[in-house]
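The values are calculated or read from the model by the stated rules, or taken from the named source; none is laboratory data. Note that the coordinates shown come from a computational prediction; the quantities given were computed from them, not determined experimentally. Glycine also receives a Cβ, built like all others from the backbone with ideal geometry; neighbour counts cover every protein chain displayed.
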């Protein structure tokens, strides 16, 4: 089954109600939510629109353990309220001996809330390839958490005539999709 979902963008000026109406009208089944906009009242809007929240945005992993784990807890709480399966996760720091335990603790906190870490790579960040993102997924899953790979269509798009570090990055993986959104897929 293929499911289409929308990942919101902070630059959009539409209200949550307007985004839900557009999501439903386009026959998408889910709309992500920013953690600071999540809550019981917003969950009621989603339920009334018959649109589910597939993800909460976004955990930023850095080498600051206290800040990253605190943020993971807030996002886990928001995911629980919204019924989200995923917490979108991006990176300020590469996977190192110092950050691996931070990833594990964060993924475990998110899993305790019933969600999983959606690890996103970007050619502009320290987790810049499918291979490096799969390394993060492995570390997160080894530490009692749950994680999958998120492939956003921006770095994965085919390029024409210009160098593109994200062109077709999934060729070397044998992974299977487990969730999709308008912006990408978690594998």
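State all residues of the range 1-20 that are more than 17 Å from residue 83 (Cα to Cα) and surrounded by 15 or more Cβ atoms within 10 Å (Cβ to Cβ); if no residue qualifies, say none. The answer is 19, and nothing else. Residues that are out of contact with any strand residue (DSSP E or B) (no Cβ under 7 Å at 6 or more places or on another chain) and farther than 13 Å from residue 119 by Cα were ranked within the range 77-103; the one that is surrounded by the fewest Cβ atoms within 10 Å (Cβ to Cβ) is 97.
Restricting the range 121-148 to residues that are modelled with pLDDT under 95 and buried (at least 21 other Cβ atoms within 10 Å of the Cβ), the residue that is farthest from residue 95 (Cα to Cα) is 145.
Looking at residue 119, is it on the phi < 0 side of the Ramachandran plot, in contact with a helix residue (DSSP H, G or I) (Cβ under 6 Å, 6 or more places away or on another chain) and assigned to a strand (DSSP E or B)? So residue 119 passes the test. Considering the range 34-43 alone, what residues qualify as being touching a helix residue (DSSP H, G or I) at 6+ places or on another chain (Cβ under 7 Å) and either surrounded by 12 or more Cβ atoms within 10 Å (Cβ to Cβ) or under 18 Å from residue 117 (Cα atoms) (or both)? Hits for the range 34-43 are 35, 37, 38, 39, 42, 43. Of the residues making up the range 44-70, those that are within 15 Å of residue 104 (Cβ to Cβ) and crowded, with 19+ Cβ neighbours inside 10 Å number 3. Residue pairs whose Cβ atoms lie under 7 Å apart, separated by 6 or more positions or on different chains, with the first residue in the range 35-60 and without any contact (Cβ under 8 Å) to a residue 24 or more places away in the chain and the second crowded, with 16+ Cβ neighbours inside 10 Å, are 37/16. Of the numbered criteria (1) part of a helix (DSSP H, G or I); (2) closer than 16 Å to residue 8 by Cβ, the one residue 131 fails is (2). Residue under question is residue 57, and the condition is that it be in contact with a helix residue (DSSP H, G or I) (Cβ under 8 Å, 6 or more places away or on another chain) and part of a helix (DSSP H, G or I); does it hold? No. Among the residues of the range 21-33, those that are surrounded by fewer than 17 Cβ atoms within 10 Å (Cβ to Cβ) and over 13 Å from residue 47 (Cα atoms) comprise 22, 25, 26, 27.
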